[in-house]
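Below is one structure, written out as structure tokens; the observations come after it.
Every read-out reported here was derived from the displayed coordinates using simple, explicitly stated rules and does not represent laboratory data. Bear in mind the structure is a predicted one, so any value in this text is a computation, not a measurement. Neighbour counts run over all protein chains shown; Cβ positions are idealised from the backbone, glycine included.
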């Protein structure tokens with residue numbers, strides 16, 4: 001589903017719909033608190049959670065990929081744990097990009113599995129045991145702050161600096177999975193992606209480490225000098241479209257879909273028709289590309305994302321906190 005506009009109103013002015021839905025938000029928050037009342041399984045290897053308090057994209061997967069690559073550079077053997085949102089295989093499986101599709105395991109696990117083994121399962125503890133049995137000496141949960149089955153040693157709350165915590169209300173009154181104080185109470189740090197226009201730091205308790213970074217688009221695959229039709233089925237398609245324009249590639253047409261949208265032949269025909277009419281090339285995100293059949297994927301140009309830390313010492317500090325937890 002697409003996030004309604006009132007979710008992003010200022011917390012001091014949530015609007016009538018948010019107030020009307022507030023009782024349901026209280027119930028949702030209470031259900032999350034009840035589900036999280038247990039401690040979860042404590043793995044024998046260090047576990048890092050890249051999670052968030054709000055629904056939708058904040059930059060968790062790019063953060064998880066960045067930290068995994070840094071762990072590999074230190075000689076470690078990380079594995080990813082993912083719920084596999086949108087996939088039908090939820091009972092615990094190691095992702096094989098050569099065999100599985102996004103309909104099998106979800107889109108993000110296919111991206112993660114390019115870097116390190118990725119195990120998909122609704123029960124993160126079961127997936128963790130499988131990963132450890134196969135040789136992982138440290139684990140990264142891509143999302144999972146609200147998953148009660150596995151206890152992370154380090155939990156990072158990832159927040160987009162522009163949208164922050166939205167109107168500050170819990171689903172469906174706002175974008176939050178739980179109240180901000182409850183989520184932050186389980187965190188050992190916060191990672192703010194992009195300029196803090198929202199004022200995320202005002203919500204943080206003194207002493208909670210706050211790390212900052214930006215996401216940079218890799219547009220090297222996009223041809224210059226041709227019209228571009230951009231399409232994306234991510235949490236915030238406008239961020240992708242705006243990024244192309246800032247990179248000097250303003251799309252002549254932007255087509256947005258819901259997050260994790262499963263592309264259909266009708267969708268593809270529509271996009272191809274638009275491109276043919278304007279002699280344009282089709283451009284999308286890597287996350288969208290993995291949801292396309294191979295024959296379609298070969299006809300689009302993809303844009304990747306890379307995390308750039310505002311201070312080179314920040315990720316090394318995170319790795320020290322994470323990897324040293326159970327060493328020795």
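Observations, loosely collected:
- By definition, a body whose alpha carbon gyration tensor gives a ≥ b ≥ c is rounded when a/c is under 1.5, and region 218-305 falls into this rounded group.
- Expressed to the nearest 5 percent, the antiparallel share of DSSP beta bridges inside region 218-305 is 10 percent.
- Label-point separation, residue 294 to residue 89 (7 Å along Cα→Cβ), nm: 1.6 nm
- Residue order for 208, 307, fewest other beta carbons within 10 angstrom first, comes to 208, 307.
- In this calculation the C-beta distance from residue 270 to residue 41 is compared with R0 = 35 Å, giving a FRET efficiency of 0.15.
- Set the Cα radius of gyration of the chain against 2.2 N^0.38 Å, with N its number of residues, and you get 0.99.
- Contour minus Cα-Cα distance for residue 115 and residue 20 (0.36 nm per residue): 29.8 nm
- Cα gyration tensor, region 1-154 - rounded (a/c under 1.5), prolate or oblate: prolate
- Of the beta bridges in the chain, as assigned by DSSP with both residues counted there, near 20 percent are antiparallel.
- Viscosity 0.692 mPa s, 37 °C: Kirkwood-radius Stokes-Einstein D of region 259-328 over Cα pairs, µm²/s: 213 µm²/s
- Ranked list, fewest to most other Cβ atoms within 10 Å of each Cβ, for 108, 134, 205, 178: 205, 134, 178, 108
- Alpha-carbon centroids, region 55-93 and region 120-174: separation in whole Å: 9 Å
- Fluctuation leader among 75, 168, 304 - the chain, Gaussian network, Cα springs under 10 angstrom: 75
- Between residue 324 and residue 5, the contour length at 0.36 nm per residue exceeds the Cα-Cα span by 110.6 nm.
- Temperature 20 °C, viscosity 1.002 mPa s: under these conditions the Stokes-Einstein estimate for region 135-185, based on its Kirkwood radius over C-alpha pairs, is 169 µm² per second.
- Computed [θ] at 222 nm, deg cm²/dmol, the chain (DSSP H ≥ 4; -39,500 (n - 2.57); rounded to nearest 500): -9000 deg cm²/dmol
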